[in-house]
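One structure is given below, encoded as structure tokens.
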Amino acid sequence: MIKKIITADNTETFLNEEVGESYHSQTGAVEEALKKYVLPCKIKEFAKTGKIAILDVCSGLGYNSAMAIDVALEENPHCQIEVFCLEFDPIIVGKVLEVDPPIKSLSFYKELVRNNDLKSDQINFNKNNLNITLIIGDARETCKDLPENHFDAVFFDPFSPKTAPEMWTEDFFKEMYRVMKDSALLATFSCARMVRENMSKAGLFYDDGPIVGRRGPGTIATKWI
Ligand SMILES: C[S@@+](CC[C@H](N)C(=O)[O-])C[C@H]1O[C@@H](n2cnc3c(N)ncnc32)[C@H](O)[C@@H]1O
């Protein structure tokens, strides 16, 4: 069962009762998208260059990348924005039609869902300088088809390492390394030791991310120190 809940910043998310976790921090779903992903990945700064490529891993409702599009367009309305979303559950993707958080660009995700068959492997939304591709499938496999050295920012947002340890492996981080540009930033909410060790084994360097609504910091990873 997937049940709608209201988080502490008064924005909606869902609780997956089977997994025993919510799709966003209960301390604030929209706050998390902005402060844990978009700001630490320096989306504003990348947008100034006129072109940005974002990888949203385990994209769910799309809050993280939709928030990034808001911030990038606000900074530079002419910025070329390319987003790849990897998500394996069409049910949560479809639930975007049931929420209304203060993220303007979520309307593009709603359009993507309304105009496409979520049983497809891949669906696309294109408007002016924005291109969003949602690849539906196991991200650990679908990421293998992504181009290398391509992304400026990676939002890495699976369920927790405790619940979904298979998503936080050295092999999966090696794929992230492969698709990241040398200047790219990867952000995730977890600061678990196992996560950071696997990032290191994959060749990534890590540092503390911001502390937002929970005791520990997130983690920011790069290809160079
Ligand atoms: C913490 S939620 C992410 C929430 C999302 N970032 C959002 O803004 O709504 C974790 C997501 O990982 C997805 N997921 C779990 N295993 C996956 C896999 N192997 N491949 C792709 N997505 C997966 C779940 O369906 C869920 O949507």
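The table below lists the values:
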read-out: P(r), alpha carbons of the chain - 5 Å bins starting at zero, rounded %; value: 1, 7, 16, 21, 22, 18, 11, 4, 0
read-out: Share, in percent, of DSSP beta bridges within the chain that are antiparallel, nearest 5; value: 45 percent
read-out: Neighbour net charge for Asp145 - beta-carbon separation under 14 angstrom, K R +1, D E -1; value: -2
read-out: Theoretical FRET efficiency, 1/(1+(r/R0)^6), r = Cβ-Cβ of His150 and Ile211, R0 30 Å, to 0.05; value: 0.50
read-out: The stretch 84-170: C-alpha gyration tensor shape, a/c 1.5 cut-off, then a/b vs b/c; value: prolate
read-out: Neighbourhood charge, 12 Å Cβ-Cβ cut-off, centred on Leu106 and excluding it, Lys, Arg +1 and Asp, Glu -1; value: -2
read-out: Rg/Rg_ref, the stretch 1-100, where Rg_ref = 2.2 N^0.38 Å and atoms are Cα; value: 1.11
read-out: Separation in nanometres of the label points that stand 7 Å from Cα toward Cβ, at Asn10 and Asp100; value: 1.4 nm
read-out: Sulfur and carbon atoms: percent of accessible area, the chain [1.4 Å]; value: 50 percent
read-out: Lys/Arg +1, Asp/Glu -1 at C-beta; the chain dipole; positive extreme among Cys58, Ala72, Phe159; value: Ala72
read-out: Amide hydrogen neighbours beyond the local backbone of Gly209, cut-off 5 Å, H modeled; value: Gly218, Thr219, Ile220
read-out: Where the stretch 28-222 is the region considered: accessible area per residue in Å², 1.4 Å probe; value: 44 Å²
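The values are calculated or read from the model by the stated rules, or taken from the named source; none is laboratory data. Just so you know, these numbers come straight off a predicted model, no measurement behind them. When we count neighbours, we look across all protein chains shown, and the Cβ atoms used for this are built from the backbone with ideal geometry, even at glycine. To get the accessible areas, we keep the full protein, side chains included, count just its heavy atoms, and leave off ligands, DNA and RNA. Shrake-Rupley method; radii C 1.70, N 1.55, O 1.52, S 1.80 Å.
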